[in-house]
Every structure is written in C-alpha cells, then in structure tokens.
Amino acid sequence: MASNIGENGYDNSNRAFLQAFMARSSLTFEEARPILSAIFSAEERRPVDPGDVTQDDLSSYIGAANAAISPFDLEIRSTLRQTAQNDQNAAPERVYALVNSTSDSLTQLATTYSADEIAFVNRVFDAMFDAHNTRRTEAMVITGIQAVQLAKASAGEAGRRQSGNATQQSQGSGASQSLSMSQAEAMMKRLVEERWLEKSRRGFYSLSPRGLMELRGWLVATYNGENEDGDWVNKIKFCAACGEIIIAGQRCGDRDCSGRLHDNCMGNFFRMRKAEKCPVCSTAWPGDKFVGERAVTST
Ligand SMILES: [Zn+2]
Ligand SMILES: [Zn+2]
C-alpha cells in the first residue's frame, strides 16, 4: 500500500495526528497544539512553535481524521466542558473525543474492562445519576469513599442485571460482579486516566466530557423513563439554551420545573432574552440553585 494517498490529501501527518488522538481518547486545543507542532516540525523540517498552531489547523486535521475513521463507526466529536477545571472565570474549554458513532452503551467498555468491572461502573453511574440525582439534590457526582462502598455487588444484582438491563452481560450466571475495595479504588483511578470520569479539587468524581459524548444516548435511555408508580421521570435533563445534557450548571427555583442552564450558556441566554427568567416557566431565575457538585457543596 502506498504510504501517501495523494488524491485525498490524507498523508502521514494525518495518520500521525489520528494515532496521537487515539492514544489519548480526548483532547483540548491546548493539548493538541504541541502534538500538531511536532507533526508540522517533522513535515516541514524546521521547528514549528506550538503557539503557531491555530484552531483552523486542528479543525482541518479533525475533519480529515473523521473522513478516515467513519467507515469504522468512529467519530471525533466535541463539547464544551461543563465543570471549571482550574480558573472559574476562564472561557469554557472545548473538548474533543473519539467516540463510537453507532454503539452508545456501556458495552463499548467490554473490550478493555472485565464483566465485574463493568458491573461496578454501572453501580457507580446508578449512584451518580439516580441515587445522587434527586428532586432535592441534583448532584450527579460521587466521592471516592462512596464509590469504594459500591465495590461489592448487592444481593440479587446479578440476576436483575441479566434480565433487566440489556447493556449488561455478566460472565455466566451467578457471577459475583463484585470487586475488592482496592480494585474499586484502582478502577476509579483508571476511569479518570482513561477520561471517562473527572475528579474535582474537592474530590468529587463527575462524568467527563468524553464520557458524556460517548454515553449521551445511553444515559437518557437508562435514567429517563417510568418509575415504579408509573410516572415518567426525567433524571437526565437538558440545557434550555444549547440542548446538551446538563451535569453541571444551574436550575430553576421550582423543583418541579425542568428549566436548566449551563454556566457557560447562561450569560448569553439572559442577555438575548433581556431578562433573568427561567426559560421554561418564566419565574425569576434564582442564581443559587445548582446542578452538579455545587448542589452538595454550596449549602
Ligand atoms: Zn447549555
Ligand atoms: Zn422554571
């Protein structure tokens, strides 16, 4: 096979970029700059400064990568980070992630994690998006201690998973699905390293931008639906400005109203509406009712 597909313009530099991307699974513009500058330096046989790499450079390499990987049902998508990483006032960061464009479930973890590990991840997500995401407190986070307490599968969980959740496959019936506490601790670390979860300075784990992009549809299908009483419950809610799932931001003062806004989206939204009112019920926006970590820390 030729080393350079000239007519498509897809060359070794595109391959090098895709390879670097796949090794990291998610990337910001700032993280992409040194990668692209190294590629440009090698290509042009002269040093190219990371500061000279532009957003257009990144966009063009992502476009070429997407054309190359789409036959494999892979796609590089992007989303704005919902949780501030360091500087609260910094502009929201766009995060790019390589996601599976057809399979949208925890089964895609099956190639790298064992069945018991996936069952643990499922318990962690249930805690984040169900138990810690109630009408009173929409935290959608979990602490390390809480996660380790989920190491052991609850009695009857294996059976429930087998029959009740199509995304879950345990290895044979009666599989324990439990981890040791140190295994659970190691898993949380690995989920952060592989960028499924993020850990805040206060020690709360939340779903990462990559995790959100990969599991968007699965979250809605898993956590929105009828409860035991037959009432429809939307545990996963959406920002009224951008339409993306909200895992961190603000909510309406009325607990029964579905009005939610990302921190990033709020300023522009209220400026355009010329009023700080709930986008759904039009009551005054409280500004101190939070979704995400601050739902538990700002009391
Ligand atoms: Zn938004
Ligand atoms: Zn409202």
Requested in this report: Compute the relative contact order of the chain as a whole-number percentage, counting only Cα pairs closer than 8 Å that sit 6 or more residues apart in sequence.
Outcome: 15 percent
Requested in this report: Cross-chain or 8 or more residues apart, Cα under 20 Å: how many lysine pairs in the chain fit that? Count them up, please.
Outcome: 6
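Compute the Cα gyration tensor for the stretch 249-297, then decide on rounded, prolate or oblate, letting a ≥ b ≥ c be the square roots of its eigenvalues: rounded whenever a/c is under 1.5, prolate when a/b is larger than b/c in the other cases, and oblate in all that remain. Let's see the in-between values first.
On the way: a/c = 2.25, a/b = 1.34, b/c = 1.69.
Oblate shape, in that a/c is at least 1.5 and b/c is the bigger or equal ratio.
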Report summary line: For the chain, the per residue accessible area (1.4 Å probe, Å²) is 52 Å²
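With all protein chains present and a 1.4 Å probe, how do MET272, MET266 order by accessible area, largest first? Spell out each step's value before the answer.
On the way: MET272 155, MET266 25 Å².
Highest to lowest solvent-accessible surface, that is MET272, MET266.
Please return the longest range in the chain lying between exposed loop sites, taking GluC sites (Glu not before Pro), DSSP loop only, at most 14 other beta-carbon atoms within 10 Å, and leaving the sites out. Don't jump to the answer; show the numbers that get you there.
On the way: sites that count: GLU228, GLU276.
Within the chain, the longest run free of exposed GluC sites (Glu not before Pro) spans 1-227.
Could you give the Stokes-Einstein D for the chain in µm² per second, using the C-alpha Kirkwood radius, 37 °C, 0.692 mPa s?
It comes out at roughly 155 µm²/s.
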Requested in this report: Enumerate the whole-percent occupancy of each 10 Å bin, from 0 to the last occupied one, for all C-alpha pair distances of the stretch 6-102.
Outcome: 15, 46, 30, 9, 0
Query raised in the report: Among GLY230, GLY211, GLY144, whose mean-square fluctuation peaks in a Gaussian network model of the chain (Cα, cutoff 10 Å)?
Result: GLY230
Report summary line: Mean-square fluctuation maximum in Gaussian network of the chain, Cα pairs under 10 Å, restricted to ARG202, ARG216, ARG255, hits ARG202
Query raised in the report: Quick one: with all protein chains in place, what share of the accessible area of the chain is carbon or sulfur, to the nearest percent (1.4 Å probe)?
Result: 49 percent
Query raised in the report: Which residue fluctuates the most in the chain, going by a Gaussian network model with Cα springs under 10 Å, if the choices are SER13, SER41, SER105?
Result: SER41
Query raised in the report: Largest first, how would LYS274, LYS237 line up by accessible area (1.4 Å probe)?
Result: LYS274, LYS237
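The values are calculated or read from the model by the stated rules, or taken from the named source; none is laboratory data. Nothing here was measured: the structure is a model prediction, and the numbers come from that model. We place every Cβ from the backbone using ideal geometry, glycine too, and count neighbours over all the protein chains shown. For accessibility, only protein heavy atoms count, side chains too; no ligands or nucleic acids. Shrake-Rupley method; radii C 1.70, N 1.55, O 1.52, S 1.80 Å.
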